[in-house]
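Every read-out reported here was derived from the displayed coordinates using simple, explicitly stated rules and does not represent laboratory data. Quick caveat, the model's predicted, so the values are computed rather than measured. Please note: Cβ atoms are built from the backbone with ideal geometry, for glycine as well, and neighbour counts cover all protein chains shown.
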Amino acid sequence: MNPLIAQLQQQFKSGTMTIRLVMVNISVFALIQLINALERLEVLSTANAAIYEYISHYWFALPVDTFGVLLKPWTLLTSLFAHFGFWHLFGNLLFLYFAGQTYERFFGGLRLFQLYILGGLAGNLAEIIAHQLFPALQGSTFSVVGASGAIMAIFMALALAQPQLKVQLFGVFPLRIYMLAIFFFLKDLSAVGTSDQIAHFAHIGGALFGLWSIQQFWHIRLSRPWLGIKVSQTSPKLKVKKGGRPLTDDDYRAHKQERQKHLDTILDKIAKRGYDALSKEEKDFLFQQSKDV
């Protein structure tokens, strides 16, 4: 096997969920470019010659009119990984890498993947509803592609969960993450209804879903695995020896309850004072629990 292919396979298998999402988006972009190139060379025929719709557009672009969505329901999902321009892809993946890696550190890869998909779907549905609801948008042939809605969900969830987290704008200016979140949200809100060909309602819908997901996390954080951090029921770290003997069932339950209580205390502290208020031991403990999800 080619060393490069082997390396990519290994990275996909053992890398973080953020890296996997980045790799999937790049792979879909490469597939789209290949299909479009073959159509331009007339090796492949367009899916709909009357409107010159590329095959890639047919399979990956989400139409915002109700009839189009009913004809191509799969594009609700495929559009979340589709980019037709290089700079669109580059900007989104740069944002995804920053927000995804940070979010994954606190909440784990499974929650990141779920928020990417559900936040992206929420954004797509928001864009569709907006085009049916507002007269200025009705009758549009607009199509939605890209991971922007999903990324906004991740970014806004992270900003609400860790508002005191500092980021370096352009690598120079330190800002609290919530300041950037407010800026991006207002930027999209100020541009709705314009003809800039950007799915602003998809961004807003994804952002609102991200905020909602974190609100649910604080209220139901341990009762539902996909909404909160849950101590692993089979974690080998709980099966330690105590006093030279294996833990009894009572010892195991007591130890698990102790860890659960400690986790509750940390989460309450974050909710009241922010992530930066945690000690190094508390941050390490929280990070370990997120890996056990």
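Listed by position, the helices (runs of 4 or more DSSP H) inside region 16-120 whose residues that are surrounded by 15 or more Cβ atoms within 10 Å (Cβ to Cβ) number at least 3 are 17-40, 55-60, 75-78, 86-107. In the set (1) of a type in the set (A, V, I, L, M); (2) under 18 Å from the mean Cα position of the chain (by Cα); (3) surrounded by fewer than 24 Cβ atoms within 10 Å (Cβ to Cβ), A153 fails one condition alone, (3).
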